[in-house]
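The block underneath contains the structure these notes are about, expressed in structure tokens.
Every read-out reported here was derived from the displayed coordinates using simple, explicitly stated rules and does not represent laboratory data. Here the structure is a predicted model, which means the values were calculated and not measured. We place every Cβ from the backbone using ideal geometry, glycine too, and count neighbours over all the protein chains shown.
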Amino acid sequence: MKRLTGFVLTTAISLVAGLAGLSHAAETVTRFDAIGSTTSDLVIASVTDIDFMQPLISAFQAINPGMSVTYIQDTSNSLDKSVSEACASANFFADLVISSSIAQQVRLVNGGCARVIGTPVLTSLPDWAQWRGELIGLTYEPAVMVYNKEAFAAEGPPHSRFDLIDLMRQSDKLNGRIATYDIENSGVGYLFAFQDSTEASTWGRLIEGFGRNSVATFCCSSEVIDRVADGRAFVGYNVLGSYALSRAESDERIGVILPSDYTLVLSRAGYIPREARDAPAARAFLELALSPQGRAILDGETRLLTPLNGPAALARLSGDDELALRPIPLTPALLVSLDRAKRARFLSQWRKSVTLPSPR
Amino acid sequence: MPSLPAGRFRSIAWRLTVLLTLLLTLAAAGTVVAALSYGQTAATRAFDRLLTGAALQIAERISVVEGETMIDIPLSAFGLLSLAAEDRIFYRIIAPDGETLTGDESFPLPEASGSESDPLLYDTVFSGEAVRAIKMQRFLAERAVRGPITVIVAQTLRARAELANEIVARAIIGVIVAGGVTLALALLAMHLALSPLRRIERALLARDPKDLTPFSTTTPREVEALVAAINRFMARLDRRVSAMQGFVADAAHQMRTPITALRAKTELAMEETDPRKLKALQRRIRDRAIGVSRLTDQLLSHALVTHRADSATLEQIDLRRVAVEAEREARRTGGAEGIELDLPADPVMVAGDAFSLREAARNLITNALAHGRPPVCLRVSVTSQGRALIAAHDQGPGMSPDQLQRIGQRFARDPSNAQSAGLGLAIVAEVAEFHQGTLRTAGGAGDTFEVGIELPLTAPAAPFSEGEIAQ
């Protein structure tokens, strides 16, 4: 952040004039001026916090001094809405769309909104981290549990879902002290929950336990972590590993657990929209992210990691060699979770379990 | 290929190679076209099964719970479709009343729907890409919901195209390999099949130039005619060479005797002082000189006729014309005045060599003048057997039976006649033989004799030959 020559923060409405009439309340637009004289502008739309993306953008601008970068940040559902509308009306919205809500990304690519990236980097990526040569997984972020170290100082934290379920059943320790995503409003939270339900039979018991212990739900990983850090919650379930791991670096109060039964891994996915104005720049940005330099950045403070070296990096960070990592593949099977009927059923089941016993 | 040397096109091996390559290329092209169509079909079938399977799984999970239609799309259905890893997936589920329950509301239905209950596979375009879709119906018969639920599942065609291309690529590799092997084997077979030709070629090259005996090498049937022609040619050459050698030997022998005699008589005449005896000697010298002159003439004539017998082409000739020209020539060379010509009114056509026939006729005249008794008559006629005849007729006593037996042999001369060279009738006989005719004599009863040749008659020629005769 310090090395930037220009840093302008404004609200959306003033800049995105082309989309006048649409309301995107949460949208923020950040503009990074070019180091040299501006020759071109790369527009990136993302749900990722600006702090996480900024090192990559700086590196990109150092290599391409003529490029200015416009960064549109939004919540996953709101971003998905904007991008879908732009795709349906064949309007430009961004040169690159990066989102952790990968089911929605797959839906957009499936809907023909993307163009072929056409980069040799794709061949080095594992198959699960790309689809059709149009959607590309950039990060390697596990779904982790965070816990308040002080709260578990005596008996130690739960290491798996089984431990968590037992803890919820056998004691009142976690009553009102569990936090997780609000899966109705968070794309990532819903995705993790849906994958949990297909991955193992623990899901039913888990949400039953959540309901009995009055789980608190939040929009974002950072809020869950904040709660765990200050002790209002003892355990945060299904938190994005990138946020948790980077926070744990600086915050002594929290610990991070990669569940030993299985650990879901999400790869934040990017695609170049069909209507992109500067596809070569977008491609260059993606190539940078997966280049040795980009990998060094993603492995760094942000702990976003990459699909190329994710397992090794996680093993190093957690000190555990036998991680049960389950990357969520970028395939059209993710569309099932977005099916209207399926989603409605899943959410109603969630609501029944989680909100029944004690209204918050 | 115009830059190739013309010689290559004359090579059988080259032609076969070109033709075989052409044929194999055509066959290969045909196979590739077939493979293209087969590849498409195979890929379509394989992925249509996936599509059908996915639709079945989805249809199975439609149920009615508490009066509500419940759709629970199974992950496995999409897992199945994801076997075509790069393809986009679309689906749409429609209630009996036409309302889209879930999926892409705008996905097109098949244009012509035949039997409603059977699954229907169809091609359409959605979201800017060609897709293959299946429409399947499930009948719900519950209290609350009654009627067909339509399930449509569709997939883009990338995996199908890849599979088809793979099948085609493999077929093409197979065709190329098979074609190459076939061509190599065919060329080997051709090499083996053509080896007799090379054997003949080697035999020809290895031959002693003086060796004119026929080939005894076994030859394939295809070149039997060629070898036979070579053998015929060599036989002719052999004949010619022997004839030439015979002629030279004969001529040397025949010329030497009279010239020696002539010289002896000339020497006698130089020493003779008696004018009367000298006169007689001079007369004899003259007779000898005439004899040598005629001998030379006839030897050359014979040599020419022999040569022509092997080389001249036969043409349509009117024998009357031959007779007229022979008579004119005989008169020009002298001593043939008062020859009569007896010619029929119609042309007498034969297939022959004009020069040889003229020589034969001239020799007939000369022979008659030399050995017969005037008047001499040259007659052309058609015999009762339908053969052409040209003959010289005289009033002499003819030949003795001994002479008749040797008629036509070379140097069968009349020893009593110093002017006879004994070649005249030999020439006639040779010409007759060369024209598939015969030497014929008639008379000999004491006061009339006729010798001539009978030739096969050919069909009368075109009318204009009449005019030619008239000239």
Quick one: length gained pulling B:Leu204 to B:Phe355 fully straight, 0.36 nm per residue minus the C-alpha distance? 50.8 nm
Could you compute the longest span of chain B free of GluC sites (Glu not before Pro) located in DSSP loops and having at most 12 other Cβ atoms within 10 Å, not counting the site residues? B:143-336
Overall form of the stretch B:61-105 per C-alpha gyration tensor (a/c, 1.5; a/b vs b/c): oblate
Rounded to the nearest 5, the percent of DSSP beta bridges in the protein assembly as shown running antiparallel is 80
Provide Rg and Dmax in Å for the stretch A:35-116, with only Cα atoms included in the calculation. 13.5, 38
Roughly how large, in nm² to one decimal, is the mean projection of the convex hull of the alpha-carbon atoms in the stretch A:254-312? 5.8
Suppose a student asked you for the relative contact order of chain A, using Cα pairs under 8 Å spaced at least 6 residues apart; what percent would you report? 23
Between helix B:424-434 and chain B, what is the angle of the helix's C-alpha long axis to the longest principal axis, kept within 0 to 90° and rounded to the nearest 10? 20
Sequence ranges A:119-132, A:278-291, ranked by mean other-Cβ count within 10 angstrom, highest first: A:278-291, A:119-132
Take the Cβ-Cβ distance between B:Thr17 and B:Thr273 as r, set R0 to 60 Å, and report the resulting FRET efficiency rounded to the nearest 0.05. 0.05
Would you compute, for the Cα atoms of chain B, the largest minus smallest coordinate along each principal axis and list the three values in descending order, in whole Å? 169, 53, 38
Any idea how far apart B:Thr383 and B:Asp250 come out in nm if each label point goes 7 Å out from Cα toward Cβ? 2.4
Report, please, the projected area of the stretch B:356-403 averaged over directions, based on the convex hull of its C-alpha atoms, in nm². 4.2
For q = 0.05, 0.07, 0.08 Å⁻¹, Debye-computed log10 I/I(0) when each Cα of the protein assembly as shown counts as one equal scatterer: -0.54, -0.71, -0.86
How large is Rg over Rh for the stretch B:206-311, taking Rg from the Cα atoms and Rh as the Kirkwood inverse mean of 1/r across Cα pairs? 1.34
Would you tell me the mean number of C-beta atoms belonging to other protein chains that fall within 10 Å of each C-beta in B:67-76, as a whole number? 4
Chain A - share of DSSP beta bridges that are antiparallel (%, nearest 5): 60
Please compute the Kirkwood hydrodynamic radius of chain A from all pairs of different C-alpha atoms, in Å with one decimal. 20.9
If R0 is 51 Å, what FRET efficiency do you get for A:Lys352 and A:His159 from their C-beta distance, rounded to 0.05? 0.95
For chain B, give me the percentage of DSSP beta bridges that are antiparallel, rounded to the nearest 5 percent. 95
With angles folded into 0 to 90 degrees, how steeply does helix B:275-311 sit against the dominant principal axis of chain B? Use alpha carbons for both and round to 10. 10
To the nearest 10 degrees, the tilt of helix B:195-206 (Cα long axis) against the first principal axis of the alpha carbons of chain B is 30
What shape does the stretch A:223-350 have by the C-alpha gyration tensor, where a ≥ b ≥ c are the square roots of the eigenvalues, rounded means a/c under 1.5, and otherwise prolate means a/b greater than b/c and oblate the rest? oblate
What do the square roots of 5 times the Cα gyration tensor eigenvalues come to for the stretch B:29-165, in whole Å, largest first, as semi-axes of the equivalent ellipsoid? 31, 15, 13
